[in-house]
Amino acid sequence: MTPEAGRCETMRNERRTARLLNGISLMRVVMVVPVVVLVELGPTVRYAYVAAAVLFTAAAATDFLDGYLARRWRATTELGVFLDTTADKLLVAGVLIALVAVGRASPWAALVIVGREIAVLGLKAAAATGGTVVKPSIWGKLKFNVQFVAIVLAIVRYPQRIGFLYLDQWAMTVAAVVTVLSAVEYFSRLSFVLGSGAQ
């Protein structure tokens, strides 16, 4: 194989890899709709909550899958990062709104979590206009994991209260706190963006 042919083959492999990873992220976006529908049907359709929890878990698992594959194949692209981040936010926000609608999540917790996503997204966009690439932090990863646990618990809801709250409500409170701390970390790290806008 000539060097030119080798380069062409490498480029084709990179394109195939990118399509696969982007396809996984798009699949997560598509899965938001049936999860939301199942949560909405939960109060009236038997096992709808169980099906929603299983599908939500599968959707969240694709986040770990495409992240693992992207690191292993070293195939991170700007489009891939955008799709991955957007899919995560749509999944969490969509299911949280559905849980509020059926009375299984506090509107305040949902407001904190969704509001944080919008605020940090705007901050990252402002940083990007100045050429700053914002890398994910350990707080961001912790935030997603805690939110995942809290949402799954809210979907299936253990019927006995612990103290004056259900287990999922305790978990959602922790998720809201971690979400706020994650936002504080991002705003502290990117405070120069806010400072430059004030000048």
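The values are calculated or read from the model by the stated rules, or taken from the named source; none is laboratory data. Bear in mind that the values here come from a model prediction, so they are computed numbers and not experimental data. Don't worry about glycine lacking a Cβ; one is built from the backbone with ideal geometry, like all the others, and counts go over all protein chains shown. Please note that ligands, DNA and RNA were not included when accessible areas were found on the heavy atoms of the full protein model with its side chains. Shrake-Rupley method; radii C 1.70, N 1.55, O 1.52, S 1.80 Å.
Our estimate of slack between Leu26 and Ala119, defined as 0.36 nm per intervening residue step minus the Cα-Cα distance, is 31.2 nm.
With a Förster radius of 25 Å applied to the beta-carbon distance between Ala101 and Ser137, the computed FRET efficiency rounds to 0.20.
Among the protein heavy atoms, those of Thr132 account for about 50 Å² of accessible surface (1.4 Å probe, every chain in place).
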